[in-house]
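Notes for the one structure printed next.
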Amino acid sequence: MDGLRDAVAALRASGRTVAFVPTMGALHAGHLALVRRAREISDAVVVSIFVNPLQFGAGEDLDRYPRTLEADLAALAGEGVEFVFAPTAAEMYPEGAVETSVTAGHVGTLYEGASRPGHFDGMLTVVAKLFHIVRPDRAVFGQKDAQQVFLVRRMVDDLNVPLAIEVVPTVRESDGLALSSRNRYLDAGGRRTALALSEALAAAEAAAGEGLDEVLAEAAGAFGDHDGIELDYLVVVDPATFLPVDEGATGRATVLVAARVGGTRLIDNADIELG
Ligand code: AMP
């Protein structure tokens, strides 16, 4: 931890810039798109791999979350990543639990936060710790986790964190499924069923000119075409506030969707232009 901090500090002192990509490992092409963006915008790249217990609730998939460290290290070596930080839970939380933490506020209790109470507090707390350990110039996040991006940006603004946030578009399979470490939980049937999320977003985009009610109806309709999927939430939010838009709203909006396929929770989102 100290070695990494010293190395990053030395690079920055010599006028070079450092970009940081926080991950939970089980790396896929979505993560590697973030790494490539980090490379484009900086002289050196730091990637962290840490499955953060603080952001998992009781009964969630902390214990079975995929851990593929060797393959991850090989993939990052292939990208020429200078530094990989893969701490243990004991290194990150030497006291076991934190006494001081970041709270995500109202937006952190909505959507993902409603289904996963405490998730965003745990996420922001570890991201704040990682920012302090690494001290990069920039940090790179995926649009795939749109609510996370909103809350990290808000934390950076609220707490004057001295770095810039860079966001990379969602990387998808050719049939539209957003890449996710959790996709590997899906069997062949579940993999087909999971397409309901991206199909719902495509339906929302197609209906965007007709207004909010039509967007929601068309997107919800995509779930009717699949069995074995349970919709958690489908909502259209204002990207500036992350609060739901009202009927009659126009302009850029973000459609958020979450659903459960068997035991696997999946999320996705897309920007639309409400007409
Ligand atoms: P995770 O390992 O799931 O915590 O994700 C680490 C980072 O990768 C986060 O900023 C995610 O938003 C991003 N990410 C995950 N999946 C994708 C994807 N399909 N496309 C782009 N970024 C992604």
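Structure notes:
- Of all the criteria given as (1) in a helix (DSSP H, G or I); (2) outside the structural domain of VAL140 (by TED's automatic domain parsing), the one not satisfied by SER174 is (1).
- The one condition in (1) open to solvent by 40 Å² or more (accessible area, probe 1.4 Å); (2) outside any helix (DSSP H, G or I) that ALA114 fails to fulfil: (2)
- Residue pairs meeting the criteria (Cβ under 6 Å; at least 6 apart or on separate chains; first assigned by TED's automatic domain parsing to the domain that holds ALA26, in the stretch 38-50; second in a helix (DSSP H, G or I) and acidic (Asp, Glu)): ILE49/ASP72
- Of all residues in the stretch 3-41, those that are within 16 Å of the ligand (Cβ to nearest atom) and in contact with a Ser or Thr (Cβ under 6 Å, 6 or more places away or on another chain) total 4.
- Breaking point among (1) touching a residue at least 24 places away in the same chain (Cβ under 8 Å); (2) not assigned by TED's automatic domain parsing to the domain that holds GLY105, for LEU163: (2)
- Residue that is of a type outside the set (Ser, Thr, Tyr), within 15 Å of the ligand (Cβ to nearest atom) and assigned to a loop (DSSP other than H, G, I, E, B), where the choices are VAL51, VAL46: VAL51
- For the residues ASP145, ASP72, the requirement of being farther than 27 Å from SER14 by Cα, in contact with a strand residue (DSSP E or B) (Cβ under 9 Å, 6 or more places away or on another chain) and open to solvent by less than 20 Å² (accessible area, probe 1.4 Å) singles out ASP72.
- A residue that is of a type outside the set (Val, Ile, Thr) and out of contact with any strand residue (DSSP E or B) (no Cβ under 9 Å at 6 or more places or on another chain) cannot be found anywhere in the stretch 79-88.
- Check on ARG252, touching an Asp or Glu at 6+ places or on another chain (Cβ under 9 Å), among the basic types (Lys, Arg) and more than 22 Å from LEU177 (Cβ to Cβ): yes
- Only a single criterion out of (1) over 22 Å from the mean Cα position of the chain (by Cα); (2) under 12 Å from GLY262 (Cβ atoms) is not satisfied by THR193, namely (1).
- Test: residue in the stretch 51-65 that is over 21 Å from ALA259 (Cβ atoms), in the same structural domain as ALA164 (by TED's automatic domain parsing), crowded, with 21+ Cβ neighbours inside 10 Å and more than 15 Å from the chain's Cα centre (by Cα): no
- Of all residue pairs spaced 6 or more apart or on separate chains, those with beta-carbon atoms under 8 Å, a first member in the stretch 117-145 that is in contact (Cβ under 8 Å) with a residue 12 or more places away in the chain and outside any helix (DSSP H, G or I) and a second member that is among the aromatic types (Phe, Trp, Tyr) and more than 13 Å from the ligand (Cβ to nearest atom) are ALA139/PHE131.
- Taken together, the residues in the stretch 74-97 that are closer than 19 Å to ALA19 by Cβ, assigned to a helix (DSSP H, G or I) and touching a residue at least 12 places away in the same chain (Cβ under 8 Å) amount to 2.
The values are calculated or read from the model by the stated rules, or taken from the named source; none is laboratory data. Please read these numbers as outputs of a predicted model, since none were measured by experiment. Cβ sites come from the backbone with ideal geometry, for glycine too, and all protein chains shown count toward neighbours. Keep in mind that these areas ignore ligands, DNA and RNA; they rest on the heavy atoms of the full protein, side chains included. Shrake-Rupley method; radii C 1.70, N 1.55, O 1.52, S 1.80 Å.
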